[in-house]
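The structure under discussion appears below in the form of structure tokens.
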Amino acid sequence: MTHNLDAQVRRKHGDSYSDSVPLVVDLDGTLLRTDLLQESALRLIKQRPWLALLVPFWFLKGRAYLKRRIFQSARIDVSLLPLHEELLAWLREEKVRGRRLVLATASDYHQARLAVERLGLFDSVLGSDGQRNLKGRQKLKIIVEACGEEFDYIGNSSADLVIWKGCRHAILVNASRRVERSARRAATVTQVFPPPFADLRNALRAMRCYQWVKNLLVFVPAITSHTIFEGAIAGSAALAFFSFSFCASAAYILNDLLDLEEDRRHDSKKQRPFAAGRMSIGSGMLLALACLSASAVIAAFVSHVFVIALVTYFVLTSLYSLFLKRLLVVDVLALALLYTLRVIAGSLATGLVLSLWLLSFAFFLFLSLAFSKRAADLIQHQRDNRKVVPGRGYVTTDLDAVSIAGMCSGFLSSLVLALYINSESVQLLYHRPAILWGLQPILLYYVTRLWVICRRGELTEDPIQYSVTEPSTYGAALLAVFVLMAATFDFELFGP
């Protein structure tokens, strides 16, 4: 929704007057719902991370030089960048009325020209040239040289105030209330395109709070050791859960920022807040920092060894986002390890000795889930007649091998469970360990059903997230709890 052009201005000057005055449009945060420099910098970190070390030296030569070097070092697909559709429609109307449209941006000229070339709207493009940074007074000077003293200007930030002071009419897009107040004091504001609501829903979606269910794995050591109802242990596990959850949210945000281009090509991921432009990159960095801070504060109340596990998780998930996800098989091994790290972190947080049986069982089960996630991607690309999965090390012909490896991993977890039931250590925790054999059909049902659903092409989300939403999962979980209770407690029902 926009605030319409002031009616008094229309009546006073008429349409013909408005048509004769050039309309100058800003790019970053205005016509685009993102920032070209920030997008390019993130792409540089992902594609050529070693060059990121040179960024401070480029910056010493000026912002214009920095923008030119980043543009030359990391190319982005500008056709995927999110546009302000409402503003774009209005600009098309102005173009039809014969208005001269000029793009003026602090972004690098070559990159800006590529970004708007597809639109066919602008008569000329003004941008930074590697020596001059087109911002503030420098931008106003170049606009006046190109358009004359009289022009209308569309911008979004406080850096545009000096330009609004020198223009005829100011048009605001995505401007904050503070900027809007300043602009109204400095210029004649005739139209406002309000910013999208950066509401709590977008922040929570960026944090993927629904994925926090995975972090319940930190409770597994306390549950399997039958100490979950001890206050100190339950409290430590709860703190570990929230610390791990905030850390994971920070990792998800950074992953989304690094995967902007890939997400925009994906049918469902393109609706994520950063990919769709509903949250800015700067807001994402601040949100990630806030999540990391919360995680660190909570972790300070847990053990030091837990902090080591937390840091290890964050480093590994960052490496996964940067390049491990592009390596064949290594990606699923990394995912399985990230899941298993949650169980290890739960053990370190509570001070409980981690059973090698539990560790082996968890790793093979999570490896099966990781393979199912990759198989689901391959099936989707196969249906779309695409042979290669962008940003991954797989082709669609790998589907059978991935599926076999995944199913075998799931059955190996069942084998580990069988060996554990037959081991001497099980006698220490269970009165009737033979009843634990009831877990086997439940586990095999879960694994087999998941893979059948996957091969049908119905697994369209994270396997753990899918499991959480499936009623059958809760039925299997209730049966498993009943079996564990029957094996643990000395009920008379099972006595002689």
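The values are calculated or read from the model by the stated rules, or taken from the named source; none is laboratory data. Computed from a prediction, not measured in an experiment: that's the story for all the values here. Cβ placement follows ideal geometry from the backbone for every residue including glycine, while neighbour counts extend to all protein chains displayed. Just so you know, the surface numbers come from the protein's heavy atoms only, side chains and all, with ligands and any DNA or RNA stripped out. Shrake-Rupley method; radii C 1.70, N 1.55, O 1.52, S 1.80 Å.
Among the lysines, which fall within straight-line cross-link reach of Lys165, defined as a Cα-Cα distance under 29 Å, with same-chain neighbours fewer than 8 residues apart omitted?
The qualifying lysines are Lys12, Lys67, Lys95, Lys135, Lys139, Lys141.
Region 162-235: D in µm²/s via Stokes-Einstein (Kirkwood Rh, Cα pairs, 10 °C, 1.306 mPa s)?
The estimated diffusion coefficient comes to 94 µm²/s.
Just for the Cα atoms in region 41-125, what are the lengths along the principal axes, largest first, rounded to whole Å?
Between the extreme Cα coordinates on each principal axis of region 41-125 lie 48, 24, 16 Å.
Distances longer than 19 Å among the Cα atoms of region 126-266: what percent of all pairs is that? Don't jump to the answer; show the numbers that get you there.
Working: 6803 of 9870 pairs.
That fraction is 69 percent.
From the convex hull of the Cα coordinates of region 255-414, what is the mean projected area in square nanometres? Display every interim value, and only then the final one.
On the way: hull surface 41.3 nm².
So the Cα hull casts an average projection of 10.3 nm².
Roughly what percent of Cα-Cα pairs across region 342-496 reach past 19 Å?
Value for region 342-496: 62 percent of Cα pairs lie more than 19 Å apart.
When N counts the residues of region 321-415, how does its alpha-carbon radius of gyration compare numerically with 2.2 N^0.38 Å, as a ratio?
Numbers: Rg = 15.1 Å, N = 95, 2.2 N^0.38 = 12.4 Å.
Dividing the Cα radius of gyration by 2.2 N^0.38 Å gives 1.21.
Leaving ligands, DNA and RNA out of it, report the carbon-plus-sulfur percent of the accessible area of region 131-276 at a 1.4 Å probe.
Working: 3660 of 6520 Å².
Using a 1.4 Å probe with all protein chains present, region 131-276 comes out at 56 percent carbon and sulfur.
Is any helix in the chain, taking whole DSSP H runs, at least 20 angstrom long along its axis by alpha carbon and on average at least 0.0 on the Kyte-Doolittle scale, and which ones? Present the calculation step by step, with values, prior to reporting the outcome.
Details: long enough: 231-258 (40 Å, 1.43); 281-299 (27 Å, 2.03); 304-322 (27 Å, 1.85); 330-350 (30 Å, 1.68); 356-383 (40 Å, 0.80); 399-421 (34 Å, 1.75); 439-455 (24 Å, 0.99); 471-488 (26 Å, 1.56).
Correct list, ordered by number: 231-258, 281-299, 304-322, 330-350, 356-383, 399-421, 439-455, 471-488.
At what distance in nm do the modelled label points of Trp50 and Ile308 sit from each other, each positioned 7 Å from its Cα along Cα→Cβ?
3.1
Quick one: the Cα spread of region 225-293 along its three principal axes, in angstroms, biggest first?
Sorted largest first, the three principal extents are 48, 25, 16 Å.
Using the heavy atoms of the protein chains alone and a 1.4 angstrom probe, what is the accessible area of region 50-172 per residue in square angstrom?
Values: 5620 Å² over 123 residues.
Heavy-atom accessible area per residue stands at 46 Å².
Any idea what the alpha-carbon Rg over 2.2 N^0.38 Å comes to for the chain?
Cα-based Rg divided by the globular estimate yields 1.22.
Rounded if a/c is under 1.5, else prolate if a/b beats b/c, else oblate: with a ≥ b ≥ c from the C-alpha gyration tensor eigenvalues square-rooted, which is region 392-483?
Details: a/c = 3.26, a/b = 1.74, b/c = 1.87.
Here region 392-483 falls in the oblate category.
With N set to the number of residues, divide the alpha-carbon radius of gyration of region 94-186 by 2.2 N^0.38 Å and report two decimals. Kindly include the intermediate steps, with their values, before the conclusion.
Values: Rg = 13.2 Å, N = 93, 2.2 N^0.38 = 12.3 Å.
Relative to the 2.2 N^0.38 Å estimate, region 94-186 comes out at 1.07.
Roughly speaking, what % of Cα-Cα pairs in region 32-74 are separated by over 12 Å, rounded to a whole number? Could you put the intermediate results ahead of the total?
Working: 502 of 903 pairs.
Summing the P(r) tail past 12 Å for region 32-74 gives 56 percent.
Can you list the lysines whose alpha carbon sits under 20 Å from that of Lys373, skipping same-chain ones fewer than 8 residues off?
Lys214, Lys269, Lys270, Lys325, Lys387
Report, in cubic angstrom per residue, the convex hull volume of the C-alpha atoms of region 306-364.
Values: hull volume 3.5 nm³, N = 59.
Each residue corresponds to 59 Å³ of Cα convex hull volume.
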